1. Within the set of pairs 6 or more residues apart or between chains, which connect a residue that is farther than 12 Å from VAL143 by Cβ and in contact (Cβ under 8 Å) with a residue 60 or more places away in the chain inside the stretch 167-180 to a residue that is among the hydroxyl-bearing types (Ser, Thr, Tyr) and open to solvent by less than 60 Å² (accessible area, probe 1.4 Å) with Cβ atoms less than 6 Å apart?
2. What is the residue count in the stretch 102-125 for residues that are more than 12 Å from the ligand (Cβ to nearest atom), within 17 Å of ASN48 (Cβ to Cβ) and open to solvent by 30 Å² or more (accessible area, probe 1.4 Å)?
3. Looking for something in a loop (DSSP other than H, G, I, E, B) and more than 13 Å from the ligand (Cβ to nearest atom) - is there at least one such residue anywhere in the stretch 126-133?
4. Since SER41 meets every condition but one in (1) out of contact with any Asp or Glu (no Cβ under 8 Å at 6 or more places or on another chain); (2) buried (at least 18 other Cβ atoms within 10 Å of the Cβ); (3) of a type in the set (Ser, Thr, Tyr), which condition does it not meet?
5. Would you list the strands (runs of 3 or more DSSP E) that sit entirely within the stretch 148-210 and hold 1 or more residues that are of a type in the set (Val, Ile, Thr) and within 16 Å of the ligand (Cβ to nearest atom)?
6. Can you name the residue in the stretch 1-28 that is within 14 Å of the ligand (Cβ to nearest atom) and either modelled with pLDDT under 95 or in contact with a His (Cβ under 9 Å, 6 or more places away or on another chain) (or both) and is also most open to solvent (accessible area, probe 1.4 Å) among such residues?
7. Looking at the stretch 66-86, I want the residues that are among the basic types (Lys, Arg) and have a partner that is part of a helix (DSSP H, G or I) with Cβ atoms under 7 Å, at least 6 apart or on another chain. Which pairs are those?
8. Could you say whether any residue in the stretch 83-101 is within 22 Å of ARG194 (Cβ to Cβ), surrounded by fewer than 16 Cβ atoms within 10 Å (Cβ to Cβ) and at pLDDT below 95?
Amino acid sequence: MSRADSIMRHQSARLGVLISGRGSNLQSIIDAVAECTLQASVAIVISNRAEAAGLQRARAAGIETVHVSPREHPDRASYDRALADLLKSRSVDLVCLAGFMRLVGEPLIDAFPSRILNVHPSLLPAFPGLEAQRQALEHGVRVSGATVHLVTAELDGGPIIVQSAVPVLDDDTVDSLSARILVEEHRIYPEAIRLVLEGGWRLEGRRFVRASPTRAGA
Ligand code: GRF
């Protein structure tokens, strides 16, 4: 992709955000778009749960919301195909999983190759899967954090785009550690989206490699 192409794409990029609940990461993306620190628009917010509080955040921002119920689909592949079709019908360029509590399968991954991001509340590859903050506390680590990565078929195993570390304190509870990590999630998710949209990166194995910055005078 040329530099001009990547910038044009960046300015016109349409995001599709998938949620299941609270939607605070969705809110951080909405806010970054509103503050113009992220040159993109949120085209659609999809939830697998009708009662997800994040749907209300999207509506308040004037964004189209759709509840796609897993019950209306016989299997995971059919559900994922429905999501892919919906996202494509809204000309979505990049899919952001933001607290989407479902495994994403091949029909969706193949429809958006290297174009699906996820935020996870640990320093991957430590503590993938559910209850990452509880896993971190039970393991006794002194540092944890947040990771934004590209989504592949491997659960929480795709190329890492941005990470941020936080200390784990002796008297932390799941709630206090989660709150500390969440601050970092909200900071790095829009940043990672920006990096992906800017282009100039490539994948080397599981590594997300950014083009080296141009040296002054070069
Ligand atoms: C976040 O901690 C995210 O890392 C995890 O689920 C939580 C979702 O929170 N995948 P919210 O819905 O974005 O507030």
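1. Partner pairs satisfying both residue conditions: none exist.
2. Counting residues in the stretch 102-125 that are more than 12 Å from the ligand (Cβ to nearest atom), within 17 Å of ASN48 (Cβ to Cβ) and open to solvent by 30 Å² or more (accessible area, probe 1.4 Å) gives 2.
3. Yes: the stretch 126-133 contains one or more residues that are in a loop (DSSP other than H, G, I, E, B) and more than 13 Å from the ligand (Cβ to nearest atom).
4. It is condition (2) that SER41 fails.
5. 160-167
6. Per the stated criteria, the residue is GLN27.
7. From the stretch 66-86, the pairs are ARG81/PRO107.
8. Checked the stretch 83-101: no residue is within 22 Å of ARG194 (Cβ to Cβ), surrounded by fewer than 16 Cβ atoms within 10 Å (Cβ to Cβ) and at pLDDT below 95.
The values are calculated or read from the model by the stated rules, or taken from the named source; none is laboratory data. All values derive from a computational prediction rather than experimental measurement. In this analysis, Cβ positions are derived from the backbone assuming ideal geometry, glycine residues included, and neighbour counts consider all displayed protein chains. Surface accessibility is based on the protein's heavy atoms, side chains included, excluding ligands, DNA and RNA. Shrake-Rupley method; radii C 1.70, N 1.55, O 1.52, S 1.80 Å.
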